[in-house]
Each structure stands twice: as structure tokens, then as C-alpha cells.
Amino acid sequence: MPKNAIAGKEQQYFQELIAWVKSQKPDKGAIAKKKYQLARTIGIKKVPKDILVYLHAIGDDVEAIRPYLQSKPTRTISGVAVVATMTRPSMCPHGSCTFCPGGLNSYFGNTPKSYTGKEPSTMRGIRNDFDPYRIIFNRLEHYIAIGQSPDKVEQIVMGGTFPGFPKKYQEQYAYYSFKAYNDFSQLFFHDGEFDIAAFKEFFELPADVGDKRREENVTRKILALKEQEVKSMEEEQIANEAAAIRCIGLTIETKPDWGFLSHGLELLRLGATRIELGIQNVYDESLAVTHRGHTLADTKKSIAELRDLGFKLNFHVMPGLPGVDGRRISHEMDVASLRTIFDSPDFRPDMLKVYPCMVMPGTELEKSYKAGVFTPLSTAEAAELIVELYRMVPEYCRIMRVQRDIPTYATVSGVDRTNLRQYVDELAREKGVISRDIRAREIMAGEILGEPALVVRDYEASGGREFFISMEADDTLLGFVRLRLPPRSLHPAITPSSALIRELHVYGQAVMIGKKEHGRAQHKGFGKRLMAKAESIGKAHGRDKMVVISGIGAREYFRRLGYGREGPYMVKAL
Ligand code: SF4
């Protein structure tokens, strides 16, 4: 069905519903029934949320329907709204890895390194001039326009090697990110309540899809706001601690030789909590042949230093890379590399993104492919490997992705399905392989079955001891905390007798901060119980101080548990 036909139907739906609500003054039950009937009659598959009715109401209708419909956005399913922001087009400090597309003057033009310009996140970056302030406004508007509450945001900064950008750029990027959350909060939330009228007025809603004039007007308003009231990055961070939209986690992407202690300290200052680290595989010859610009020793050093600063670590691995002769390494070597990542205490990631190597236009690898030297993994070969990964992944790790979001039409050769995960899952089912990773066990829609209980798993990593403490019911994960007993002190706040909390995560649908809701995993006190368990384990091991790497927007939560701020961390005496 053409897009504007759908838009036409929705238009009719909203008009008829608004007219009916105004004339009937119905109760909640009648509205629910009418919404369903009308959607069926008009031919709309999904019954639109109440807030969308508001966004389509014009003039006096807004006030007329207010007593009858919910004007608040509702929760996001995962509990946290993810906002991906792109950095500006650039090259990496070492140049380019042989398989990596994009960058400056690339086959795809000027794009952020490793992106083609065709990914949804890059396209959003292009539309917003790679300005984090505009991208964030755009994403927050989108969340609300689909009826979801983005009050807790996890921001992921994508593109290239973030610490390799000039220091000033990095700081401005963080500054404008926090400013965007704060300004959006100030404009559209008053005393914790969402102001739908102000939102509609600012974004000039309702509007037709692709209304260029509206887009230009809104962009002008956003840019004017951006330059209003210049503060320091730290001031914006502090303002975000209590804002309606809080940034509870900030992720950046880097590579091992740009992920050492000095980089980690700077990233802490900017508010980062998670690092996506491109380690690719555990073979020095592959790293050299693909011009990674770092060695395996660098990888281990980076992992250890970032972990001892408290960062959550998400490794990017790339099966199917070339080996010493430029040909693809064997299936056995790829399996052994994945096994090493879990078996060796030098690695052991908290999360994992698996990106099977693909041949991309304009890369050095494409030349090797065309010369008949390199052959990438096929979809079937990549799937076999990922099923092997499912067999070995431990409970403390989450498999985040199994392929890039590059559309297959933009590639030369390699995995040729965009739904690889589905393909892998089917293959795993056929083979009777069940992953025990976090993603496979986490609670989805908030229904808790069975009696929740604490489970503690511990393991060695980078010379220290890790405790993965989870709240589980009927083998379903309701939340977890990552506790580390670091072997050394890399920051003045981390004394030799400190324990570190690298992550606290409680699942369930997001609820507006500070409000409780029956039957959901969040705000049921699980976070508090997990933290208490972590503190008692820390004490039992002779640690007298707990240091938490906390997202800026999560600091208030830790304050309520008796923590206070020390530099970038939240700390408490045990
Ligand atoms: S470090 Fe990452 S982004 Fe940079 S060139 Fe290599 S693969 Fe691309």
C-alpha cells in the first residue's frame, strides 16, 4: 500500500475519533472499544495510542478531548530509549582498516568512518548535519510521536574512533548532547508532566509527511535554542542529573590503541559509561594484514585498563578476516578465536557484536577479492559460526548483534541477508543449540513468573575478579549487577581497597522516573537488592569502598542508595 494511502487512513481515523469523543464524552471502556472498532472499519492494523490522537488534534479540539484521553507518552519496552548519534565524516587516526568502508573521499563520498551513508543512523546524521544536538532533538521528537516516553536515554555515539577526534570536538559533542536532553526537558516537561501543547506548537504538529517548510522552521528553532545560554559541559551534566530526560548511559566506539588509560580517563570526564571496542580476532597476523594499527598485546592492555576504570565493555569481533597470506582464515581458527575470547581471562566481554567480514566497495579488501585471493564468509558459513558462538557464550555476556546494519545492496560480497539473526536462530533450533547469553534470558514484557532470587556467578578477568550477580525467576533474568574487585587503582577515586560496580541493569518496561508501577521489573526494589548484595560481597572480600561508574542521569538513583559523587564516579564507604 502506498505510504500516503496509509497516512490518509490514519487522518480519517483521527478525525472521526476526535469528533466522536467530543460529541459522546465517553468513559475509558467506551473509548477503547471505539478505537478498536474504528481501526478495523478504516483498515488500520495497529490501534494508535492516545497521545497520537492528541498530536493530530487541531485548535480547541486539544482541550476538548483532554478529559477523556491519556496525553502522556507510555513506556518503551526495554526500559530505556536508545539514541544513536553519528560523528562527523572522518578517517581513523591510523588511516583505514582494509575491510572498512566510508570515511573522507570514500567510494560512498564523505561519511563517518565504517559507515556507507545508507544506514538509517547515518542518514539521520546527514539530515541533521552530524550535529548531536539536532540528532537528539529529532530522536526524542520521534519517540514521543510514536507514543513512547524517552525519559531514560542510553546514547550511543557512532562512527570511527571517537577518542581520535580533536579533544575540542569530543568535548563539544558531549556538551551539546547533554544540552539537548536538558533543553528538550525544559521545553516540554513541567513538574515532571509532559506538556503536549508546547510540544505540538514547537514541532508544528499535526503536519503532512515530508512537509519541507515545517522541517525548515523546526530546524531553525532547534538551532536558535542550541546557541542560547552557553554553559560549560560540567554544568550541562549536572543539570541533566535532575532533568526530565536523563542520559543514563553514554557509549562510544574505539579501537584498542585508542582505548588505553589516558583515553579512558578523558572519556570518563565526558560522561561515558560503556566502550565498544573493535578487537576483531585474537591473531596478530590478521590484525597486521588488515592494517588494524594495533597488536593483540594492545587489545589485552586496553581491555584491562578500561575494565579497571569501571567501563562496561562491548567487543566487536569480525569472523572471516584474512590471515597471513591474505586468504580467509579457517572456520576452525574463527571458532578458536571466539573460544579464546571467553576462555581467556584477558578478554571475557560483557557484550558482543559479531560482524562477519563483508567485502565493501572502495576498500583494499575488495581488490584482494577481485584478484581472487580473498573470499568472504557466505551467509551459511557465518550462521554456522554464530551457532558455535551460541554454544559457548557464558551467562554474563550479551550478544548484541550478529551483523552490521549495512543494506546488502551496498556490499560487494559476503553475507547476503539482512535478517541473519533470524537465520541463525532457526539453524540453532534445528541443531538443538540454546544460547545462555543475557539476551536469550532477559525478561521481555514485564510479566514476572516465579519467585525472584539472587544468583551469583564469578570469574577472573584481566587480573581481577568479576561477580555477575543476577536477579532471576524461573531462569528469566530480571536484572543484574557487575561487580569487580580490581587488582590496581587507576583513578584517585578508586583506592586499593575499592570494589567497582561496572553496570546495574534492571529490566522491564520503563516507567517515568520515580513512579512505581505494579507487575514490572523496574522500580520493584530489584536494583536496591542487587546493589546490597554487591556491597556485601565487596565487604566480604575486604573492600571498604564501593565505586560506581554511573551514567550522569543515574546519579540521583545512586544518591538515594547513600552514594555521593567523587569525580566521575558515585562512591560509598562500605
Ligand atoms: S578502526 Fe574501525 S572505523 Fe577505523 S578504519 Fe578500522 S574498522 Fe574502520
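Since every read-out is calculated from the coordinates, none of them should be taken as a lab result. It should be emphasised that the depicted structure is a prediction, and the values quoted were computed from it without experimental measurement. When we count neighbours, we look across all protein chains shown, and the Cβ atoms used for this are built from the backbone with ideal geometry, even at glycine.
Are there cysteines in the chain with no other Cys C-beta under 4.7 Å, and if so, which?
C92, C247, C357, C397
Given charges of +1 on the Cβ of Lys and Arg and -1 on the Cβ of Asp and Glu, with all other atoms neutral, how large is the dipole of the stretch 3-65 about its Cα centre, in debye to the nearest 20?
Working: 12 positive and 7 negative charges, 92 e Å.
Dipole of the stretch 3-65, to the nearest 20 debye: 440 debye.
Would you kindly calculate the translational diffusion coefficient of the chain, applying Stokes-Einstein with the Kirkwood radius from alpha carbon pairs, for 20 °C and a viscosity of 1.002 mPa s, and quote it in µm² s⁻¹ without decimals?
On the way: Rh = 25.3 Å.
The Stokes-Einstein estimate is 85 µm²/s.
Output ³J(HN,Hα) for the stretch 177-191: one whole-Hz value per residue in order, computed from phi by the Karplus curve 6.51 cos²θ - 1.76 cosθ + 1.60 with θ = phi - 60°, and x for Gly and Pro.
5, 5, 4, 4, 4, 5, 5, 4, 4, 5, 6, 10, 10, 10, 6
Quick one: angle between helix 132-145 and the longest Cα principal axis of the chain, in degrees between 0 and 90, rounded to 10, please.
Roughly 50 degrees, rounded to the nearest 10.
Treating only the Cβ atoms of Lys and Arg (+1) and Asp and Glu (-1) as charged, compute the dipole magnitude of the chain about its Cα centre; round to the nearest 20 debye.
Numbers: 82 positive and 72 negative charges, 176 e Å.
It works out to roughly 840 debye.
Counting other beta carbons within 10 Å of each Cβ, put D191, D257 in order, fewest first. Can you show the working numbers first?
Numbers: D191 6, D257 20.
If I rank by nearby Cβ atoms, fewest first, I get D191, D257.
Between the stretch 336-382 and the stretch 409-446, what's the alpha-carbon centroid distance in Å?
16 Å
Report Rg (one decimal) and Dmax (nearest whole number) for the stretch 73-254, counting Cα atoms only, units Å.
16.7, 52
Against the longest alpha carbon principal axis of the chain, how many degrees, from 0 to 90 and to the nearest 10, is the axis of helix 28-42 turned?
80 degrees
Kirkwood hydrodynamic radius, the stretch 3-65, all distinct C-alpha pairs: what's the number in Å? Present the calculation step by step, with values, prior to reporting the outcome.
Working: mean 1/r = 0.0843 Å⁻¹.
Kirkwood radius, the stretch 3-65: 11.9 Å.
Provide Rg and Dmax in Å for the stretch 278-441, with only Cα atoms included in the calculation.
Final numbers for Rg and Dmax: 15.5, 45 Å.
Among V415, V547, V317, rank each residue by its count of other Cβ atoms within 10 Å, from fewest to most, as a rough exposure measure. Please list the in-between numbers first.
On the way: V415 26, V547 29, V317 23.
By the 10 Å Cβ count, ascending, the order reads V317, V415, V547.
Quick check: the angle from helix 212-226's long axis to the longest principal axis of the chain, C-alpha only, nearest 10 degrees?
On a 0 to 90 degree scale, this one is about 70.
Fewest to most neighbouring Cβ within 10 Å: what's the order for H331, H190? Display every interim value, and only then the final one.
Numbers: H331 15, H190 12.
Result, fewest neighbours first: H190, H331.
Below 12 angstrom from the Cβ of Q172, what's the summed charge of the other residues (Lys, Arg +1; Asp, Glu -1)? Kindly include the intermediate steps, with their values, before the conclusion.
Values: positive: R88, K167, K168, K179, K226; negative: D131, E171, E236.
That works out to +2.
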